[in-house]
Structure formats: C-alpha cells, structure tokens
Amino acid sequence: MKNRDGAFYVYWDAKRGILLYFDTYGDNINGGEFAYNWIPRDRQAAYRYTSSGGFEKHNDGMVWVGYHSCGGGNIDVNIKNLEENGEFVVPWVRKPFLWLLHYKDTEKYGGSKEYKEVNEQRIAMLPKDIQTAIKGIEKIGGKKRNEN
C-alpha cells in the first residue's frame, strides 16, 4: 500500500529568484507552482510567456509579479521562455500570491483565510536569505506594498 501522507517540497533558485513548491500524494506529485518576479524585454509580448499574476510599477518600469502552475510537465519550457524573453528579478519587488499548503492542509483550512497564517509559518521555516529575497520591497509607486 502506498504512503498516502505525502510531503511538501520547496526549492529556491537563487540565481533566477524562482521559488518552486509542490506537494505529493503517495509517490506522485499532487500539484505545485513556481513563483517569480520578471521584467520582459517586450512588455506587449509578455503575456505569451506569463501565466497568473500582473504588472507592478517599479522605478521607471514594470515588473511582472507572478506564478505558473507546474501542471502539464512544462516547467522547464516555461522557465526557458521567461529567461529568453526577459530578466528575472532578485530580490523580488513584490511577493506574488503564494499557496504554500499541502493537500492535507487544505482538508483543514480549505479556501478559508487561515491560509495566510499557514503561508507565513512556511515562509518562516525557509532560510533567512530566501525570506529576504522573496519578501518584496517596502514601497511600490510611493505606496506601501500589498501583502498576500
């Protein structure tokens, strides 16, 4: 019988500022995403390479603050497309929406507001250098940044 407890994994690519996170169910990957900040070379073409997220004003330009699902086995293709068509930003300008919950957590919390507390607990477990890189800057466009 397979171990149905599964596990939750988080990987950090410090060079590109990519936070990859996924959970398993038994021996299989259940679901996951990778989050990032990115500046496209051609803003009009950016939507060809992005998924969830949106642009944030930063200094004199715009930064895409977003994430991709790991579904479909296209992680490497998505990262390659982003890399070839822009630059990743480290440290992040803003933290994109993160869902750092394991499927067992969702049984307990579901879509309720407690996910923010679980996210913060999981972020606090990461090494300090990763926490610093993903927390985002304090102000965007003269306004205090939004937290998710």
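Any chance the stretch 89-106 includes a residue that's at pLDDT 90 or above and polar (S, T, N, Q)? Within the stretch 89-106 (the criterion being at pLDDT 90 or above and polar (S, T, N, Q)), the answer is no, since none of the residues qualifies. Does L100 satisfy the condition of being surrounded by 19 or more Cβ atoms within 10 Å (Cβ to Cβ), of a type in the set (A, V, I, L, M) and in a strand (DSSP E or B)? The answer is no for L100. Going by what's in this entry, would E117 be described as charged (D, E, K, R) and at pLDDT below 90? So E117 fits the description; yes. Before we move on, is Y25 touching a helix residue (DSSP H, G or I) at 6+ places or on another chain (Cβ under 7 Å), over 17 Å from L126 (Cα atoms) and surrounded by 17 or more Cβ atoms within 10 Å (Cβ to Cβ)? Taking the combined requirement at face value, the residue satisfies it. Selection over the stretch 29-50 of residues that are farther than 22 Å from Q131 by Cα, surrounded by 13 or more Cβ atoms within 10 Å (Cβ to Cβ) and at pLDDT below 95 gives a count of 7. Count, please, the residues in the stretch 58-76 that happen to be at pLDDT 90 or above and over 12 Å from the mean Cα position of the chain (by Cα). Qualifying residue count for the region: 2.
For the stretch 63-91, a residue qualifies if it is in contact (Cβ under 8 Å) with a residue 40 or more places away in the chain, assigned to a strand (DSSP E or B) and in contact with a Phe, Trp or Tyr (Cβ under 6 Å, 6 or more places away or on another chain), and the qualifying residues are G86, F88.
The values are calculated or read from the model by the stated rules, or taken from the named source; none is laboratory data. Computed from a predicted model, the values in this text were never measured in an experiment. Heads up, the Cβs are rebuilt from the backbone with ideal geometry, glycines too, and the neighbour counts pull from every protein chain shown.
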